Amino acid sequence: MFLVIVIAAVVLLGVLPIMLGARIVKAKNTGFNTAFLAAVCLGILSFALDSFVSNPILSAAISTALGTILLTLILGTSLWRGFAVSLIVAAVQIGAITVMAHLVAT
């Protein structure tokens, strides 16, 4: 049961925001498989940066730049649209986490 909850959380917080952002900016690749690949690549990037970069501000800047490039390549869109997707994903994830934290706290 725990595994099902974890998989659902990964899909809801990782894949669906990427699909939503890709469709909003009208990217070439907006399907589930592409969004899943992008989420996995972004997760690997985040893990690698956390391992090698100790400064959180520098890590965030590098992550934003490389994440934008990854999204641009995977989703088949322009660099600015890839950046817009990363902003949309961050906004959706922060909003979802905030709502969940509020629900748990009450």
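Using the Cβ-Cβ distance between Thr64 and Val11 with R0 = 35 Å, the FRET efficiency computed as 1/(1 + (r/R0)^6) comes to roughly 0.90. Here the chain exposes an accessible surface that is 78 percent carbon and sulfur, computed with a 1.4 Å probe and the other protein chains kept in place. Taken per residue, the accessible surface of the stretch 27-106 reaches 64 Å², heavy atoms only and a 1.4 Å probe. A P(r) calculated from all alpha carbon pairs of the chain, with 5 Å bins opening at zero, reads 2, 13, 20, 22, 19, 13, 7, 2, 0 percent. Here the spin labels are modelled as points 7 Å beyond Cα on the Cα-Cβ line, and at Ala101 and Phe32 they lie 3.0 nm apart. Centre-to-centre, using Cα atoms only, the stretch 63-101 and the stretch 1-37 are separated by 11 Å.
Taken along the Cα-to-beta-carbon direction at a fixed 7 Å, the label points for Ser51 and Ala90 span 2.4 nm.
Under 15 Å from the Cβ of Thr72, count the other residues' Cβ atoms, weight Lys and Arg +1, Asp and Glu -1, and hand me the total.
Taking every Cβ under 15 Å from that of Thr72, the sum is +3.
The values are calculated or read from the model by the stated rules, or taken from the named source; none is laboratory data. It should be emphasised that the depicted structure is a prediction, and the values quoted were computed from it without experimental measurement. Note that each Cβ is placed from the backbone with ideal geometry, even for glycine, and that neighbours are counted across all protein chains shown. These area figures cover heavy atoms from the full protein model, side chains too; ligands, DNA and RNA do not enter into them. Shrake-Rupley method; radii C 1.70, N 1.55, O 1.52, S 1.80 Å.
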